[in-house]
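The block underneath contains the structure these notes are about, expressed in structure tokens.
Only the coordinates and a few stated rules stand behind these numbers; no lab work does. As the structure is a computational prediction, the values presented were derived from the model and not from experiment. Reconstructed Cβ throughout: ideal geometry from the backbone, glycine too, with neighbour counts over all protein chains shown.
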């Protein structure tokens, strides 16, 4: 095995990661590309992948196949998450993708997804001996892992992705008038997380890529900082709270103009900040850091290190 590709087929984006080993035998991530697909649009709250979303998915997979060919990938592995595993027509979708694109897709459970996110965060070397809560906000689900750099103590995937929340609570632009309703919905579902945290006492929050990349970029723009949104970036929680308030009261059109926020996240991004704000406050988090790595990096590192199938 010399060069591999991981296809992370999420609810909003289909992500491609190409990786290989360096001269010391360590994983190196040489190419990364995400394509907007909106697989959950119009159907995730009904547990359905729509015909339109299926067409967008096939188009994205054909494009990723071309990129893999251009980069001389030897083997590739495709993994689907929340939108596909929860859809009543999920098996039909994966069958159609195999027929139309030749790509065989493995559907991960929420527990498996959380485990691979942890492996990705380990590769980012932002974990230490202290207990942390890792948070990965997706379109269909949000994963929480309480762990340190040695082991996982607790993990769970919740159907609290931003696309799913958007479909449930729309129209809400801005989100502020529905803030209390959304907070109650989220808090009720996260009660067992809060219970686990009371016992395990995580001291920091590690945000895993995606929304947390955007939080970092936006805060850097807002504070005119010379910092970079790299692995281990430490968020200013006071500035994050100001950003949270602004996002709660902003419209999609206003969010589209905010420096650091990529356009495809603008419609859903207020849900990302409300999920994060609840976690910070309910777990009494005093420090928040960024991991640029998530599930796809965790899987790639595992395959390159062990040379084994998943």
Next on the checklist: Restricting to Cα pairs below 8 Å that are 6+ residues apart, what does the relative contact order work out to for the stretch 3-109? Please round to a whole percent.
Outcome noted: 29 percent
Checklist entry - Stokes-Einstein at 37 °C, 0.692 mPa s, Kirkwood radius from Cα pairs: D for the stretch 44-159 in µm² s⁻¹? => result 207 µm²/s
Item to check | D_trans [Stokes-Einstein, Kirkwood Rh over alpha-carbon pairs] for the stretch 125-291, 37 °C, 0.692 mPa s, µm² s⁻¹ | outcome: 205 µm²/s
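Let me know the volume per residue of the alpha-carbon convex hull for the chain, in Å³. Display every interim value, and only then the final one.
Details: hull volume 40.5 nm³, N = 310.
Enclosed volume per residue, from the Cα hull, is 131 Å³.
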Checklist entry - Considering the chain as a Gaussian network with a 10 Å cut-off on Cα pairs, which listed residue, 181, 297, 113, attains the greatest mean-square fluctuation? => result 181
Checklist entry - Counting DSSP beta bridges with both partners in the chain, what percentage is antiparallel, nearest 5? => result 65 percent
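Arrange 100, 143 by Cβ neighbour counts within 10 Å, fewest through most, would you? Provide the component values of the computation, followed by the final result.
Working: 100 15, 143 28.
Placing the least packed residue first, the sequence is 100, 143.
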Next on the checklist: How many angstrom lie between the Cα centre of the stretch 130-148 and the Cα centre of the stretch 50-73?
Outcome noted: 28 Å
Item to check | Residue of 83, 216, 53 that the Gaussian network model of the chain assigns the largest fluctuation, springs spanning Cα pairs under 10 Å | outcome: 53
Item to check | Mean shadow area of the stretch 234-285, taken as a quarter of the surface of its Cα convex hull (nm²) | outcome: 3.7 nm²
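Using mean Cβ contacts within 10 Å as the protection proxy, how do 63-75, 263-275 order, highest first?
Values: 63-75: 14.3, 263-275: 21.5.
Result, highest mean first: 263-275, 63-75.
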Item to check | Pairwise label distance in nanometres, residue 281 with residue 91, each label 7 Å out on the Cα-Cβ vector | outcome: 4.4 nm
Checklist outcome for this item: The simple spin-label model distance between residue 201 and residue 245, using points 7 Å out along Cα→Cβ, in nm, is 3.2 nm
Checklist outcome for this item: Once normalised by the length of the chain, the mean sequence separation of its alpha carbon contacts under 8 Å that are 6 or more apart gives a contact order in percent of 21 percent
Item to check | Cα principal axis extents for the stretch 201-310, largest first, Å | outcome: 48, 34, 28
Next on the checklist: Just to be sure I understand the curve: with the Debye formula and one point per C-alpha of the stretch 176-257, what is log10 I(q)/I(0) at q = 0.12, 0.13, 0.22, 0.25 Å⁻¹?
Outcome noted: -0.48, -0.56, -1.22, -1.27
Checklist outcome for this item: Cα-based Rg and Dmax for the stretch 95-138, in Å, come out at 15.3, 47
Checklist entry - How large, in Å, is the stretch 3-109 by the Kirkwood hydrodynamic radius built from its alpha-carbon pairs? => result 14.1 Å
Checklist entry - Working out 0.36 nm times the residue gap between residue 28 and residue 125, then minus their Cα-Cα distance, what length gain in nm do you get to one decimal? => result 33.5 nm
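Sort 234, 121 so the one with the fewest other Cβ atoms within 10 Å of its own Cβ comes first. Before the final figure, lay out the partial values.
Working: 234 13, 121 30.
Ordered from fewest to most neighbouring Cβ atoms within 10 Å, 234, 121 come out as 234, 121.
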